[in-house]
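Here's the structure we're looking at; comments come further down.
The values are calculated or read from the model by the stated rules, or taken from the named source; none is laboratory data. Note that the structure is a prediction, hence the values are computed from the model and not measured. Every residue, glycine as well, gets a Cβ built from its backbone with ideal geometry; the counts of neighbours run over all protein chains shown. Heavy atoms of the whole protein, side chains included, go into the accessibility calculation; ligands, DNA and RNA do not. Shrake-Rupley method; radii C 1.70, N 1.55, O 1.52, S 1.80 Å.
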Amino acid sequence: MGCIDGKTYLERIDRLRNNVWINGAKISGNLSEHPAFKNVMKSQAKLYDMQHEKSFRNILTFKSPSTGERVGTAYLEPKKIKDLVKQRKAFQIWARETAGMMGRSPDYMNTVVMTFAACADLFGDKQGSDNMRAFYLNCREHDLSLTHTFIQPQVNRSSLYFENASDAVAARVIDENKDGLVIHGARLLATQGGMTDELLVFPTGAFHFDEAYAYAFSIPSNTPGLKFICRESFAAGESHYDHPLSSRFDEVDSIVLFDHVTVPWDRVFLHGNTDIASRLYTDSGFMPLQVHQVTSRNIVKTEFILGVLQSLVDAINIAEYQHVQEKIAEVIVALETLKALLTASEVHASIDTWGTMVPDRKPLLAAMNVYPKIYPRFVEIVQLIGASGLVTIPTERDFQSEIGDVLRNYLQSADRNGYEKVKLFRLAWDLAMSSFAGRQTLYERFFFGDPVRLASNLYRDYDRSEFVKWVNEFLNREEL
Ligand SMILES: Cc1cc2nc3c(=O)[nH]c(=O)nc-3n(C[C@H](O)[C@H](O)[C@H](O)COP(=O)(O)OP(=O)(O)OC[C@H]3O[C@@H](n4cnc5c(N)ncnc54)[C@H](O)[C@@H]3O)c2cc1C
């Protein structure tokens with residue numbers, strides 16, 4: 001089969017009839033026609049279509065070694081630096097299509113699956129490792145879309161808190177039988193939950209004493225007993241003029257409920273081994289390969305933000321002011337820093353213990369620590385430069401009404417008429433002010449984990465011993 005097109009994606013998801021809830025009601029009928037999903041699914045479908053476009057095909061896909069069909073580039077296990085370069089180009093072609101706003105474009109999860117298949121022996125027992133490899137092949141050859149849940153519900157984050165089995169909230173293994181593992185409880189937080197073929201479930205990464213939480217598996221999104229409870233939609237309307245970003249790219253987030261869900265044995269990658277569960281993210285290529293995908297997207301997103309900012313500056317002609325130049329320079333510095341970190345990670349890539357060419361994790365960990373801090377600053381800069389222009393934004397219907405001509409005149413800017421000025425400022429508003437914008441900021445702060453603990457990881461991971469030794473030598477230097 002190989003890589004799919006958008007139509008296949010939409011039809012496949014509609015056929016699944018996933019159990020998806022929003023605003024107190026279960027969605028019946030085609031998910032791709034529901035107001036909360038239809039536009040983001042259309043955007044996702046466009047990405048799949050691009051795999052078949054002549055100008056993108058060679059970058060977005062490669063020839064499957066098992067079938068000869070073209071399959072998605074994120075599924076390529078990198079063996080050479082040029083593979084990483086090809087992947088970066090592919091990630092950025094898709095990111096450009098969504099202005100970097102779809103954090104969960106399919107390449108994100110495809111990279112996860114490729115990474116864990118490449119180090120499948122890490123899962124400990126032969127059956128789990130074979131299942132992981134078979135799952136990867138299934139995803140690659142059928143271009144399955146995936147969502148994932150890697151964390152437990154936010155009930156009590158005290159380090160002293162442990163759930164009792166009797167009143168547990170977090171999903172745990174409650175039984176094993178000839179058909180598989182039985183899972184019951186809740187998990188967070190599946191972005192795109194319900195609008196994908198599969199749900200990948202991995203342990204949290206924190207050390208678990210309780211074997212009932214040490215599991216990894218994937219199941220079809222329509223598995224009996226599985227429910228996706230979505231937040232309200234931020235796709236406020238149909239008009240791309242009024243809501244240029246949210247009307248296209250609102251990837252709904254969901255809570256995942258397991259009601260006595262049976263996970264077939266051939267879909268179980270890990271079960272009961274707390275030691276391996278706590279090492280999955282550190283001992284695999286997950287961190288560098290995933291952050292390579294993420295940073296590639298973040299660069300494109302930052303370029304888009306820079307473009308929006310410069311357009312605002314030109315529109316109201318404020319380039320002469322030094323503080324404005326300084327703010328734009330701040331974004332340029334951030335962009336160039338990210339690009340340099342990504343390049344450094346590729347240039348210093350090396351083969352890891354699993355035989356995969358992985359980018360250097362040091363610059364990527366730096367990039368992953370920087371972005372959650374600079375993204376909210378970008379949003380602040382859009383607000384500081386846009387000022388009241390971010391709220392003087394009548395809708396498309398206002399412009400189509402009898403007051404349209406008046407608005408065109410009175411809302412004009414230095415370089416465009418009122419309709420065009422508001423079009424630009426509505427984009428800036430959807431980037432920095434709307435509910436979609438707020439969710440984007442929260443996403444960039446947290447989606448890859450708590451930034452505080454990301455910094456702790458960097459602290460633990462980064463070898464400073466040479467510098468300490470040097471300082472000691474300096475302290476003990478004998479003056480002549
Ligand atoms: C928009 C969005 C989309 C997401 N999409 C997904 C997804 O698709 N799949 C998925 O699996 N996850 C997803 N996530 C979840 C993401 O992985 C978590 O938000 C992140 O790991 C932080 O966990 P938490 O939200 O439970 O915060 P918490 O862990 O509850 O943290 C809350 C606060 O407590 C502090 N805190 C808690 N524990 C500690 C500790 N041990 N040490 C120090 N400080 C602590 C934190 O620093 C923070 O300030 C998404 C998150 C967001 C916001």
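Worth pointing out:
- Taking the C-alpha atoms of the stretch 286-468, convex hull volume expressed per residue in Å³: 141 Å³
- Report summary: the helix-based calculation at 222 nm, which adds -39500 (n - 2.57) for every DSSP H run with n ≥ 4 and divides by the residues of the chain, gives -15500 deg cm²/dmol.
- Qualifying GluC sites (Glu not before Pro) in the stretch 304-337, DSSP loop, other Cβ atoms within 10 Å at most 14: Glu320
- Centre-to-centre separation between the Cα atoms of the stretch 104-124 and those of the stretch 366-394: 32 Å.
- Members of Lys79/Lys373; Lys80/Lys362; Lys46/Lys421 lying beyond 23 Å, as alpha-carbon distances in this model show: Lys79/Lys373; Lys46/Lys421
- Three-way shape label, the stretch 19-159, alpha-carbon gyration tensor, a/c 1.5: oblate
- Just the protein heavy atoms count here, and of the accessible area of the chain at 1.4 Å, carbon and sulfur take up 54 percent.
- Quick note on the stretch 361-457: its Rg to Rh ratio, both from C-alpha atoms and Rh being the Kirkwood radius, is 1.18.
- Span-like helix criteria (full DSSP H runs; alpha carbon extent of at least 27 Å along the helix axis; mean Kyte-Doolittle hydropathy of at least -0.5) are satisfied in the chain by 286-316, 322-347, 361-386.
- Taking the average, over residues, of other Cβ atoms within 10 Å as the packing measure, peptides 439-452, 83-96 rank 83-96, 439-452 from highest down.
- Applying a DSSP loop filter and a limit of 16 other Cβ atoms within 10 Å to the GluC sites (Glu not before Pro) in the stretch 222-268 leaves Glu232, Glu238.
- Net lengthening on full extension, Leu480/Glu402 (0.36 nm per residue, minus Cα-Cα): 19.3 nm
- Cα convex hull of the chain, projected area averaged across orientations, nm²: 28.6 nm²
- With N counted as the residues of the stretch 147-279, its alpha-carbon radius of gyration over 2.2 N^0.38 Å works out to 1.17.
- Label point distance in nm, Arg17-His348, each placed 7 Å from Cα along Cα→Cβ: 5.4 nm
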